[in-house]
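Report on the structure given below.
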Amino acid sequence: MNNTILSELQWSAEAGALTFKDVRYLLIRPEPVIQFQKAVEAEVGFERAGELLYEGGFVGGQLSGRRYKEVFGLSDREAVEFMCRMGAQIGWGRFRLIEMDSKARRLTVEVDRSPFAELYGGGAAGGVCHLIRGVLAGLANGAFAAEVRAVEPRCLARGDACCRFEVVPAA
Ligand SMILES: [Zn+2]
């Protein structure tokens, strides 16, 4: 299968920068990210650390959803489908769009082999893929033009077969 993100990624040797459609990306091993996550958990607790990482992902999802809708002239649904394909292409695991209901403002996505869960290790107290959860919520926030919240009821890091993300209207 063709990886259009990688094949269209631009590299500037001068700037030491990777960009896709003028959006900067960086390649990073997952270990530093997970190390940081665990350090934050040790400081502020599992729940709060999750919220903070979620907020970071949220901004990314909002910005990317908006940007790629504009660049490719996509509908909201197409933008979500694009982001799911992109997730796999940038190494965030294999994304499956399970449900997108714009009327009910519900988005459900399952992800196989999340690098965040794989590197976190087993026995987690709950879902640990807060960046993915945040990205999907940010994306849904734009697509539904509504406040949303997102949960990860299943996660590889707590022994489930895959990670599952459910975005629903906020309260
Ligand atoms: Zn997970």
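All of the numbers you see were taken from the coordinates with simple rules; none came from a lab. Note that the coordinates shown come from a computational prediction; the quantities given were computed from them, not determined experimentally. Positions of Cβ are backbone-derived with ideal geometry, glycine not excepted, and every protein chain shown enters the neighbour counts.
Structure notes:
- Residue with peak Gaussian network fluctuation, the chain [Cα springs, cutoff 10 Å], from ALA13, ALA157, ALA143: ALA13
- As a length-normalised measure over Cα pairs under 8 Å and 6 or more apart, the relative contact order of the chain settles at 22 percent.
- Cα Rg over Rh - the chain, Kirkwood: 0.96
- Computed from Cα atoms alone, the Kirkwood hydrodynamic radius reported for the stretch 56-138 is 13.3 Å.
- Loop-resident sites, the stretch 1-48, for GluC sites (Glu not before Pro), counting at most 16 other Cβ within 10 Å (DSSP): GLU14
- Two-site FRET efficiency, LYS21 against GLU47, from Cβ-Cβ distance with R₀ of 35 Å, rounded to 0.05: 0.50
- Think of each Lys and Arg Cβ as +1 and each Asp and Glu Cβ as -1; about the Cα centre, that makes the dipole of the chain roughly 240 debye.
- ALA124-ARG85 pseudo-label distance in nm [points 7 Å out on the Cα-to-Cβ vector]: 2.7 nm
- Hz values of 3J(HN,Hα) by residue in the stretch 10-21 - Karplus curve (6.51, -1.76, 1.60), Gly and Pro given as x: 9, 10, 9, 5, 4, 8, x, 10, 10, 9, 10, 6
- Whichever lysines have a C-alpha closer than 27 Å to that of LYS69, once near sequence neighbours (fewer than 8 apart) are set aside: LYS21, LYS103
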